[in-house]
Structures are given as C-alpha cells and as structure tokens.
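The values are calculated or read from the model by the stated rules, or taken from the named source; none is laboratory data. Bear in mind that the values here come from a model prediction, so they are computed numbers and not experimental data. Note that each Cβ is placed from the backbone with ideal geometry, even for glycine, and that neighbours are counted across all protein chains shown. Just the protein is used for accessible areas: all its heavy atoms, side chains included, with ligands, DNA and RNA removed. Shrake-Rupley method; radii C 1.70, N 1.55, O 1.52, S 1.80 Å.
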Amino acid sequence: NAGVTQTPKFQVLKTGQSMTLQCAQDMNHEYMSWYRQDPGMGLRLIHYSVGAGITDQGEVPNGYNVSRSTTEDFPLRLLSAAPSQTSVYFCASSYGTGGGYTFGSGTRLTVV
Amino acid sequence: AQKVTQAQTEISVVEKEDVTLDCVYETRDTTYYLFWYKQPPSGELVFLIRRNSFDEQNEISGRYSWNFQKSTSSFNFTITASQVVDSAVYFCALRTSSASKIIFGSGTRLSIRP
C-alpha cells in the first residue's frame with residue numbers, strides 16, 4: 001500500500017518556468033490538499049479538494065492551480081515560478097470530514 | 001474563523017525531563033477534530049492522535065499523553081521522560097465538520113539534549 005506518493009522529491013526551477021508537482025493516493029480518499037511549509041510559518045494550505053471535479057482555494061492560492069479529474073490524483077501547477085515559491089510542498093489525503101491526513105513525503109522546491 | 005495557536009516556538013530540555021507542548025484553538029463549530037503531528041528531522045509528517053470535540057477524555061499512549069479541555073479551548077501534549085528521539089517539530093491541527101480542510105498551528109520545535 002503506497003499511501004500518498006509525491007513526485008519529484010527535489011526540484012530546482014528558474015524564475016518564470018512552470019511545472020507540475022504530482023500527487024497520487026491509493027486509499028480511495030475523498031479529501032486531498034496541498035500545503036507549503038516555510039520556516040517558522042508551519043503548514044499553510046494552498047488548495048484542497050473534496051472529491052473528483054471539486055477544488056477550492058486555501059490560505060495562499062496565488063500562483064498555483066489545481067485540478068482533480070480522478071479520485072487518485074491531485075496535481076499542483078506552478079504557472080510562473082517565483083523565488084517566493086521556494087518551499088517544501090506536502091500533499092495530503094483523508095477520508096471523510098473527521099479524518100486525519102496522511103501526508104506524502106514532500107517536494108523540496110527551489111526557485112532561482 | 002478557525003485558528004490554531006502554538007505559542008511555544010522552541011523548547012529545549014534535558015533527556016528524561018517531562019515536557020508539555022501547548023495548543024490553543026478557536027472555532028465556532030460545535031463539532032470539530034483536533035490532531036497532533038510529529039515532524040522528525042527527516043521531514044516526514046507523522047500522525048500522532050485525533051480527538052473529536054465530544055470526547056474530552058484524556059489519552060495516554062506510552063510516554064505520550066494528551067489533555068483536551070474545551071473550557072479553555074486547549075489540546076496540550078505531554079511527553080514524559082523525554083528521549084533524544086522525541087526531538088522534532090510538533091504540529092497541532094484543527095478540522096471542523098463544516099470545513100473540508102485542516103488548519104495547522106505554526107509548530108513547536110522540541111530539542112531533547114542528552
């Protein structure tokens with residue numbers, strides 16, 4: 001059972017480049033979310049989804065897009081990378097409204 | 001609005017000491033869930049405990065215990081006889097039944113010195 005799989009684990013981008021962070025879960029979880037983690041700021045919610053075809057914005061959505069075409073996949077797109085998007089990104093999934101999250105192992109992104 | 005406050009940014013104690021990590025939350029919902037996660041130096045996020053708003057019983061798991069008090073909107077975490085392996089960042093989190101997302105506190109970095 002793989003849980004939540006994030007790829008890539010590390011990425012360096014140049015300012016202005018675009019890319020997609022991949023997230024897949026095999027637990028048939030309805031809820032999926034993307035967080036970014038910056039030093040001293042904890043985990044901040046970027047976007048989340050309550051099921052296939054449904055997404056919504058979190059606290060810090062600017063500069064990011066998501067889609068949820070299947071239950072399993074929830075990719076995060078950086079449209080035009082900026083140094084301020086240098087961070088560690090975590091994808092997470094859960095069952096129901098009361099479930100805790102299972103997290104992926106994270107993607108460390110550096111924008112130069 | 002939901003909010004989770006972890007006022008202790010960093011704590012450092014000597015091994016075998018007891019340590020309590022504070023968590024204060026805000027929500028207007030009557031049904032909600034509280035969580036603690038551990039992030040060791042390796043970086044992964046590890047689920048520790050989930051508590052719902054209707055269950056104020058304290059919980060003990062080995063050296064870990066949790067004290068949930070609705071009257072003070074707190075969900076504190078105590079490690080008894082701390083060990084070096086407990087060194088990590090600990091996050092408290094809140095999820096309400098009306099929201100489809102989990103909000104995290106800013107975390108407490110715990111260092112256990114040998």
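Assorted remarks:
- At R0 = 30 Å, FRET efficiency that the Cβ-Cβ distance of A:Thr86 and B:Glu44 yields, to 0.05: 0.90
- Residue-normalised accessible area of segment B:49-90, given per residue in Å² at a 1.4 Å probe: 49 Å²
- Largest mean-square fluctuation among B:Arg63, B:Arg51, B:Arg28, in a Gaussian network model of chain B whose springs join Cα atoms under 10 Å apart, belongs to B:Arg28.
- Measure of compaction for the protein assembly as shown (Cα Rg per 2.2 N^0.38 Å): 1.02
- Measuring against 24 Å, Cα to Cα, the residue pairs A:Lys9/B:Lys16; A:Lys14/B:Lys101; A:Lys9/B:Lys38; A:Lys14/B:Lys3; B:Lys16/B:Lys70; B:Lys38/B:Lys101 contain A:Lys9/B:Lys16; A:Lys14/B:Lys101; A:Lys14/B:Lys3; B:Lys16/B:Lys70 as the ones spanning a longer distance.
- Compactness of chain B, expressed as Rg and Dmax over alpha-carbon positions, Å: 13.7, 44
- Computed lengthening from B:Ser74 to B:Ser61, 0.36 nm per intervening residue step minus Cα-Cα distance: 2.8 nm
- For segment A:1-57, alpha-carbon Rg relative to the globular expectation (2.2 N^0.38 Å, N residues): 1.30
- Chain A: radius of gyration over Cα atoms, expressed as a fraction of 2.2 N^0.38 Å: 0.99
- Simple label model, 7 Å out from Cα along Cβ direction - A:Ala2 to B:Ile11, nm: 3.8 nm
- Length added when fully stretched, A:Thr110-A:Lys14, from 0.36 nm per residue minus Cα-Cα: 33.7 nm
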